[in-house]
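These notes are about the structure you will find just below.
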2 protein chains.
Amino acid sequence: MASATLFTNVRPAGKAATDVLVRGGRIVAGGQGASVGQGAPGDVAVIDGGGALMLPGLVEAHTHLDKTLYGMGWYRNAVGPRLIDKIDNERAMKRALGIDPARQSARQVALSVGHGTTHIRSHVDVDTDIGLAGIEGVMATRERYRDIVDIEIVAFPQSGMLVRPGTVELMADALRLGADVVGGLDPSGIDRDPKGHLDTVFGLAERFGKPIDIHLHEPGELGAFAVELTIERTRALGLQGRVTLSHAFCLGMPDAAAVDGLIDGLRQAGIHIMTTGPASVAAPPVKRLAAPASPSAPAMTASATTWGPYGTGDMLERAMFVGMRNNLRRDDELQLALDICTHGGAAVMALDGYGIEAGCRADFVLVEAETIAEAVAGHPPRNLVVKGGRVVARDGRALVEVP
Amino acid sequence: MASATLFTNVRPAGKAATDVLVRGGRIVAGGQGASVGQGAPGDVAVIDGGGALMLPGLVEAHTHLDKTLYGMGWYRNAVGPRLIDKIDNERAMKRALGIDPARQSARQVALSVGHGTTHIRSHVDVDTDIGLAGIEGVMATRERYRDIVDIEIVAFPQSGMLVRPGTVELMADALRLGADVVGGLDPSGIDRDPKGHLDTVFGLAERFGKPIDIHLHEPGELGAFAVELTIERTRALGLQGRVTLSHAFCLGMPDAAAVDGLIDGLRQAGIHIMTTGPASVAAPPVKRLAAPASPSAPAMTASATTWGPYGTGDMLERAMFVGMRNNLRRDDELQLALDICTHGGAAVMALDGYGIEAGCRADFVLVEAETIAEAVAGHPPRNLVVKGGRVVARDGRALVEVP
């Protein structure tokens, strides 16, 4: 095997065509510095990039690998409208349909890698029904595909924590077993005890030295209260940069002055906001969050679940949804939509060496597009996905066996 | 050429697999009634449907064929945020970029037919700069592709009508030349004269005996006033069923009681509402519009224009956008999203013999999906598109030459 690879005729971030040299899993040089001459002669493999757009590997910073129905035939959804309807239905369906966490997470990972995803943060259900089986299943997939994607696991109390005795102990077990992040969920809406819920989440984070990622669907002023409590605890415990609020619909509430106040507080506490760019509910305003510099990264539920039918596992399509939701039309605005699905997610996951500059890890994707804006608006085919310097997907398909 | 065609092993609207016999451009029979025996022996061509889902031809009931940039290289959008910025920029760009209406409309039509569209209503700009050149260009495309798609043309005063003297006369010329529908645009927002604008639009409709389709972007109470004026004129002139309001963002305003009142008035006047399912602005609530029976059909801007970068010319993707905007998740709700992009558009265009029952015109599409919900949520590949009994597209591509 060659010790280095030269990717010829690629356009990094839409700039002029160039060659990119990769050695030891890192980008050594692009542009004039990249030439076969830098490798020992005969020791450099050459791959023709065909003039494609080169983007950093896409970061799927919020998904649920354990609950996708991908590859299981169409699930006929007749679930009720409330959040708790969906939670209860899913817990029942896991058994009824046989949603195997290891098999299903493997299927979704392969789908996502085919679309250019190189890093995934997945929430995984922990509850008194399924125990740690979800965590174990996704850990098996993480191990199985360790050479093609990096996976971070959030222990996620989907059915509530305080309202279901035994869940907190299971959360601790999950973190001991291999989960990387402490999850949480609607402190008032589900656990009916915002102080108790958040104290428990932050307590687990302190005890295990882990970051936090909390699902916050609570709307308007109720959600704003949970944001305030989260800011207070993040500052008190010195967890700046290590706390994420996912969804945060309340940041889309009409009271602009109140939202500005929340955004200031979030920025000072270094709290990340994750959004799917949802079309049917209030949503965090990504342009206001991005200026001056509060990272924001999109959530992603790839492919259908018992919750809903949408999602194809494609983070460029997700960037399009974020762009459409936030009325991003100009090319510079679509650049923001891409940043959210790349560097935004990388900030949340605190990725080391992320990007397509010299010295970065060689995790990138070649896209059949003229500009970044076209890649976002049209989410055209992925020609090649590279992880750690190796080609891991071609023409939209991951080069792995899928169960 | 065979006088009849038997499409074997298709699943009409997701029902059990069957054969569908087509003769003389019409569906003769499906199910047990369809057999080769019904044609003169040897005179029936057989096409294998491969078990695909069979849907009626998709209806793109609102697009702008004259202004797509499809196939012209990526347009770097740096346009200002106001509606008038976009209108003025586009009028300038038509010359600067050379957006040829005949060529561009042909490109978009081929794209749409490849995705399963069999009927299109297109607004076409009429203004004192371009005159009737847009109308003539789209009329040329209508003639060119008359065997693969039905196209209806709306004379559309994109740059305003009363504020640009000479435009009303050009609108009349367009209707004489071959436009089918009288267009209008933001009576207060652009022409600054809601009574004058609407009286002119309805006056042209009376004079030429044509239906009406008005772009109404005006938000909240301003838009509601335009809706009221439109209802009054529709009833006074007996134009029930022949008037459409496109976009109608005001129907998404927060005051639910006011919206209910408007919807009642629209229903009594038989006015159609067209929506794109826009993610970033207030939008008409399709579930409330659909019950009991007020037709609603989605608008579609296929592929990038100088207005914005989104759109792929795929009405199943549009159905997904409508579904996501309206939080449609259950299978029965996704059926509504499809209805909007098929029968809803057919009602707006007053199509005769539309559907996939025996006796209907043989305009349909075969989709690689298990259920209607899957077709909407995943907008999977179109295997075959049939228009008037003839195969006009295969594997996503129209079987025509494209300029």
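Structural remarks
- Any hit, the range B:134-149, residues being part of a helix (DSSP H, G or I), free of Cβ contacts under 8 Å to residues at least 12 places away in the same chain and of a type outside the set (Lys, Arg): yes
So that you can scan it fast, the table gives a plain yes or no per residue for (1) free of Cβ contacts under 8 Å to residues at least 40 places away in the same chain; (2) of a type in the set (Gly, Ala, Ser); (3) surrounded by fewer than 22 Cβ atoms within 10 Å (Cβ to Cβ):
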| site | (1), (2), (3) |
| --- | --- |
| B:Met320 | no, no, no |
| B:Ala369 | no, yes, no |
| B:Leu384 | no, no, no |
| B:Asp395 | yes, no, yes |
| B:Val400 | no, no, yes |
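- Scanning the range A:39-69 for residues that are in a loop (DSSP other than H, G, I, E, B), surrounded by fewer than 23 Cβ atoms within 10 Å (Cβ to Cβ) and within 14 Å of chain B (Cβ to nearest Cβ) yields a single hit, A:Leu69.
- Restricting B:Val163, B:Val181, B:Val168 to those that are within 18 Å of the chain's Cα centre (by Cα) and in contact (Cβ under 8 Å) with a residue 24 or more places away in the chain reduces the list to B:Val181.
- Some residue of the range A:215-226 being at pLDDT 95 or above, touching a strand residue (DSSP E or B) at 6+ places or on another chain (Cβ under 7 Å), among the aliphatic types (A, V, I, L, M) and crowded, with 23+ Cβ neighbours inside 10 Å: yes
- Filter pass, A:Gly359 being on the phi > 0 side of the Ramachandran plot and at pLDDT 90 or above: yes
- Filtered by the rule that a residue be more than 21 Å from the chain's Cα centre (by Cα) and either not β-branched (Val, Ile, Thr) or not assigned by TED's automatic domain parsing to the domain that holds A:Ser246 (or both), the range A:258-268 gives A:Ala258, A:Asp260, A:Gly261, A:Leu262, A:Asp264, A:Gly265, A:Gln268.
- In the range A:323-361, the residues that are of a type in the set (D, E, K, R) and in a loop (DSSP other than H, G, I, E, B): A:Arg329, A:Arg330, A:Asp352, A:Glu357
- Within the range A:310-322, considering residues that are part of a helix (DSSP H, G or I) and within 8 Å of chain B (Cβ to nearest Cβ), the one nearest to B:Gly308 (Cα to Cα): A:Met320
- Every residue from the range A:111-134 that is of a type outside the set (Asp, Glu), farther than 21 Å from A:Gly71 by Cβ and touching a helix residue (DSSP H, G or I) at 6+ places or on another chain (Cβ under 8 Å): A:His119, A:Arg121, A:Val126, A:Thr128, A:Gly131, A:Leu132
- All positions within the range B:250-261 that are within 27 Å of B:Thr63 (Cα to Cα) and surrounded by fewer than 22 Cβ atoms within 10 Å (Cβ to Cβ): B:Gly252, B:Met253, B:Val259
- Given (1) modelled with pLDDT of 95 or more; (2) within 28 Å of B:Arg242 (Cβ to Cβ); (3) within 13 Å of another protein chain (Cβ to nearest Cβ), index of the condition B:Trp307 fails: (1)
- Qualifying residue in the range B:235-242 (condition: among the aliphatic types (A, V, I, L, M), in the same structural domain as B:Ala155 (by TED's automatic domain parsing) and without any contact (Cβ under 8 Å) to a residue 24 or more places away in the chain): yes
- Within the range B:266-291, being of a type outside the set (A, V, I, L, M, F, W, C) and over 19 Å from B:Pro211 (Cβ atoms) holds for B:Thr276, B:Gly277, B:Pro278, B:Ser280, B:Pro284, B:Pro285, B:Lys287, B:Arg288.
- Applying the criterion of being of a type in the set (D, E, K, R) and within 19 Å of A:Thr167 (Cβ to Cβ) to the residues of the range A:114-140, the residue that is surrounded by the most Cβ atoms within 10 Å (Cβ to Cβ) is A:Asp125.
- Put simply, of B:Gly344, B:Gly396, B:Gly388, B:Gly313 the only residue that is touching a strand residue (DSSP E or B) at 6+ places or on another chain (Cβ under 6 Å) and on the phi > 0 side of the Ramachandran plot is B:Gly396.
- Scanning the range A:87-113 for residues that are under 29 Å from A:Asn383 (Cβ atoms) and either among the aliphatic types (A, V, I, L, M) or surrounded by fewer than 22 Cβ atoms within 10 Å (Cβ to Cβ) (or both) yields a total of 6.
- Positions within the range B:76-86 being within 14 Å of chain A (Cβ to nearest Cβ), surrounded by 11 or more Cβ atoms within 10 Å (Cβ to Cβ) and either out of contact with any helix residue (DSSP H, G or I) (no Cβ under 8 Å at 6 or more places or on another chain) or touching a residue at least 60 places away in the same chain (Cβ under 8 Å) (or both), in sequence order: B:Asn77, B:Val79, B:Leu83, B:Asp85, B:Lys86
- Inclusion of B:Ala236 among residues that are at pLDDT below 95 and aliphatic (A, V, I, L, M) is not warranted.
The values are calculated or read from the model by the stated rules, or taken from the named source; none is laboratory data. Bear in mind that the values here come from a model prediction, so they are computed numbers and not experimental data. Cβ sites come from the backbone with ideal geometry, for glycine too, and all protein chains shown count toward neighbours.
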